[in-house]
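The values are calculated or read from the model by the stated rules, or taken from the named source; none is laboratory data. The structure displayed is predicted, hence computed values, not measured ones. Heads up, the Cβs are rebuilt from the backbone with ideal geometry, glycines too, and the neighbour counts pull from every protein chain shown. Protein only, heavy atoms only, side chains kept; ligands, DNA and RNA dropped before computing areas. Shrake-Rupley method; radii C 1.70, N 1.55, O 1.52, S 1.80 Å.
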Amino acid sequence: MVPSKKEALSENGRAGLLPALKDRAGREGCLNRESMSGLAGQYHLPLNEVYGVSTFYAFLPVLPTGKNIIRVCRCLPCHLKDAQAVIGSIKKELGIAPGETSGDGKFSFELVSCIGACDQAPAMMINDKLYGDLTPAGIAEILKSYA
Amino acid sequence: MAEKRIVLSKCGSIDPQDIGTYIAKGGFIAFIKARDKMKPQAIIAEIKKSGLTGRGGAGFNTGLKWELARSIKAKAKYLLCNADEGEVGTFKDKYILSNDPFGLIEGMCIAGLAIGAQQAFIYLRNEYHFLYDPLVRAVGQVREKGYLKHMDIQVFEGAGAYICGEESALMNSIEGMRGESRYKPPYPPTRGLWGLPTIINNVETLMNVPHIINNGAAWFSAMGTGRSKGTKVFSVSGDVSRPGVYELEMGSTLRELVVGLAGADDLKAVQIGGATGNILPASMLDTPLSHETYLGSGAVVALNSGRDIIDVVQNDMHFLNDESCGKCTPCREGTEVMLEIFGRLARGEGHEGDINSLDALARAMAVSSLCGLGQAAAVPVLDSLRYFYNDYIDRINQSHFLRSYLGGELFKSEEGIR
Amino acid sequence: MGNVNVNIDGRKIRVREGSTILEAATANGITIPTLCHIKGQVPSGVCRVCVVEVEGSRTMMGACHTPVAEGMVIHSKSPKVIAVRKVIVELLLTAHTGDCVNDSNAENCALHNLASDYEVGAPHFNVRNPRFYPAEESNPYVKRDMSKCILCRKCVKVCGEVVRKDVLSIGYRGFRSKVVSGFDEALTAEACRDCLKCIEHCPTGALSAPARV
Ligand SMILES: Cc1cc2nc3c(=O)[nH]c(=O)nc-3n(C[C@H](O)[C@H](O)[C@H](O)COP(=O)(O)O)c2cc1C
Ligand code: SF4
Ligand code: SF4
Ligand code: FES
């Protein structure tokens, strides 16, 4: 993080909550109860408040996820370029439906809102990496690199 | 008409990781001029005179907004750059941040001088995480050059919520809360982040600032239309042969953009401004693009003659329903009810009453929702009803047929069981 | 602060600057319906049944949170306003899926009263998956039946800002939003004692006192 003026941030004790939640979720795969309780204590917030914030954001899972998270865009530009076929191909490769995690815990599979790669539709992200101009046939190859 | 690259003028010709290459192309001359030769009031006057308007969707006069924040006495003021870019079909800010982060930072440096902010944030959407480190490094290089003595810039990353692009939700998110919208007034320039005066500007808006300071308000306002000055950066996708980012003078027509530059043919319609954008039939291709007509975030999705408009609006509504913050009734419940209707229409289970329901819901949501998401969710629905009414009627007639047919089948098989 | 002149439903009214439209109306005997507002608390502005037309404004404005301004011309009962309120009430009835017919408290339900005032009958809207939750009777003081909840947030507000216990928050997002305690667990007896303030404010039967045995 860029060092910043302390005065600006200390205005409100909650200012660091979102980065802290993200940090925990990133390191532990999800926000488990210990993490949320710990942060609630640290920020002097009730548990329900931390839970309320966490469950608002798509990138703050409160349930365990797979080691890699596949996020396929389901918005209009990708939809027009047959994202459905790509989704079908992932389903077949992994044997799981969107919203599920593979039995071996390697992949979670989600359909998400526009990821800003509409000029390379259909597109998806695996963790933080973007894959564009997808074809159903190319999916197996990409997934293999995460095996 | 050809592209007119002003905002994008340095994209591709500098190394986005090396401030030296940006300075070699005339970078930070505007900032030094603003810092050493202009009073904050003069900067604001110049921006106001230029007619620069917000590029994030609402199109508010930028200088006017700055003036308001400047005029308020407060212990601190904030500058926020909105890099949440969640509007469906929009990727121009990503292009800018990837290719010319220094242009944005210079714009922010000048805005900071103008409004008197000591702290600024760039709110970067989580989906653009790969830009986080490069942006932090770019800010670091600017700081090393000594151009950030008056204000610090921190990159703040979102956590996956389209609504956090709405200015009040964005502030809630930075404050560590749920990214829900707030009612207005108060507006951010009077009461924003932590209750203090705050200016929120889109990436592209801020990119224009150094150019205006360098070339003058008159140069800028000579381009464009009555209320829309300068250029606009568009993101074009969908049924085109050359999808991508294009910068055109304000007031250029849809045809120039979608057909001329992006190479669409056989169009049925375009949607302008993302999932909450207008859906216009191909017969309106000669419409100029400006705040006075249609613009939004500058996302243009082309739809060819094979496309099903009801499927398109259903996809829009799916997105809006997923991304509604859930705070207010019309949007939280209305998008869900609409999605149920579109689902039935798509499955061939629609009926005439659905059109009235969609119309009544859209009209109520447009005027009673708490923020722009719920208000604008009505736009694609009302536009599709206006321009593609027959598609709805055809679908419903097909539904009647399908129902009677399936109903008969069902009846037969039930008889068979008995 | 001084006074300002406004016009509500054709009546010229002078009110203190900084009042909300709702305060100005109420002080002059004009009723505007509300479901999420608690008098004296910072407005929530979430239910939207209080919307009114303000001349010159593109959208309607929430009366509970919009401050009056000099010269404002407000219509609180125009046909347009009534039409919009009806849709909002119908949407809330659609969401309010609990079993009210067998509920002895139905006549105390502010939502049902509003629906009958505005002549909104059985809702003809549908949703794909209604918000059904099992009723929670684990707490000896508060029975929660969240299927009936219309997400007005009054309980959250009272618990946090009035009683300062803060055991309730809004969780999840959009249509799946829900009032949660802890990690979305049933309200425990340790978390919530017997102040009963939330029951007092709940506009529906979502919160009630358990039947004493
Ligand atoms: C639902 C919603 C989403 C928005 N998303 C964005 C966004 O991603 N980026 C953006 O710059 N503005 C977005 N806006 C507009 C902002 O609220 C705000 O008007 C804008 O950032 C102001 O900057 P500007 O004046 O430079 O355009 C959004 C508005 C709404 C209602
Ligand atoms: S209109 Fe939608 S996104 Fe905006 S406050 Fe209401 S529920 Fe939230
Ligand atoms: S439980 Fe009652 S008071 Fe609380 S949000 Fe739901 S309806 Fe409102
Ligand atoms: S009473 Fe004003 S929005 Fe609910």
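Observations, loosely collected:
- Farthest toward positive dipole pole in the range B:309-417 [+1 Lys/Arg, -1 Asp/Glu at C-beta], among B:Asn397, B:His351, B:Gly334: B:Gly334
- Binning the alpha carbon pair distances of the protein assembly as shown at 20 angstrom intervals from zero yields the distribution 15, 49, 32, 3, 0, expressed in whole percent.
- Solvent-accessible area buried by C and B, counting both chains, probe 1.4 angstrom, square angstrom: 2900 Å²
- Total accessible surface hidden between A and C, rounded to 100 Å², 1.4 Å probe: 1100 Å²
- Within the accessible area of the range C:66-213 (1.4 Å probe), percent carbon and sulfur: 53 percent
- Total formal charge among the other residues, if their Cβ is under 14 angstrom from that of C:Ala63, Lys/Arg +1 and Asp/Glu -1: +1
- The mean number of partner chain beta-carbon atoms within 10 angstrom of a residue's beta-carbon across peptide B:332-344 is 6.
- Threshold 20 Å², the range A:51-68 residues less accessible with all protein chains present than alone (1.4 Å probe): A:Tyr51, A:Gly52, A:Val53, A:Thr55, A:Phe56, A:Tyr57, A:Ala58, A:Phe59
- Electrostatic dipole magnitude of chain C [Cβ: Lys, Arg +1; Asp, Glu -1; Cα centre; debye, to 20]: 400 debye
- Over 31 Å (Cα to Cα) - which of A:Lys129/B:Lys49; A:Lys67/C:Lys143; B:Lys75/C:Lys178; B:Lys10/B:Lys37 fall in this group: A:Lys129/B:Lys49; A:Lys67/C:Lys143; B:Lys75/C:Lys178
- Over the range B:19-221, equivalent-ellipsoid semi-axes from the Cα gyration tensor in Å: 23, 20, 16
- Taking 1.567 mPa s as the viscosity and 4 °C as the temperature, the Stokes-Einstein diffusion coefficient of the range C:130-178 based on its alpha-carbon Kirkwood radius rounds to 109 µm²/s.
- Remark: chain B carries 33 Å² of accessible area per residue (probe radius 1.4 Å; ligands, DNA and RNA excluded).
- Area accessible to solvent at C:Asp117, 1.4 Å probe radius, in Å²: 110 Å²
- Per residue, the solvent-accessible area of the range C:87-208 (1.4 Å probe, heavy atoms of protein chains only, all protein chains present) comes to 44 Å².
- Carbon and sulfur %, accessible surface of the range B:231-304 computed with the full protein complex present, 1.4 Å: 48 percent
- Within chain C, helix-based [θ] at 222 nm, where runs of 4 or more DSSP H residues each add -39,500 (n - 2.57), nearest 500: -5000 deg cm²/dmol
- For chain B, the longest principal axis of the Cα atoms and the long axis of helix B:101-115 meet at an angle of about 70 degrees.
- Accessible surface, per residue, of the range C:3-77 when the full set of protein chains is kept, probe 1.4 Å, Å²: 44 Å²
- Low-density loop cleavage sites - GluC sites (Glu not before Pro) in the range C:112-141, where at most 11 other Cβ are within 10 Å (DSSP): C:Glu119
- At least 40 Å² accessible surface lost relative to isolated chain, residues of the range C:33-71 (1.4 Å probe): C:Val46, C:Arg48, C:Thr59, C:His65
- For the pair A and B, total buried accessible area rounded to nearest 100 Å², probe 1.4 Å: 4100 Å²
- The range B:309-417, accessible surface, carbon-and-sulfur percent (1.4 angstrom probe): 56 percent
- Which of B:Cys109, C:Cys202 is most accessible, then next, and so on - probe 1.4 Å: C:Cys202, B:Cys109
- Cα-centre dipole for the range B:19-221 with unit charges at Cβ (Lys and Arg positive, Asp and Glu negative), debye to 20: 860 debye
- Taking label positions 7 Å along the Cα-Cβ direction at both B:Arg347 and C:Thr59, the computed distance is 3.2 nm, reported to one decimal.
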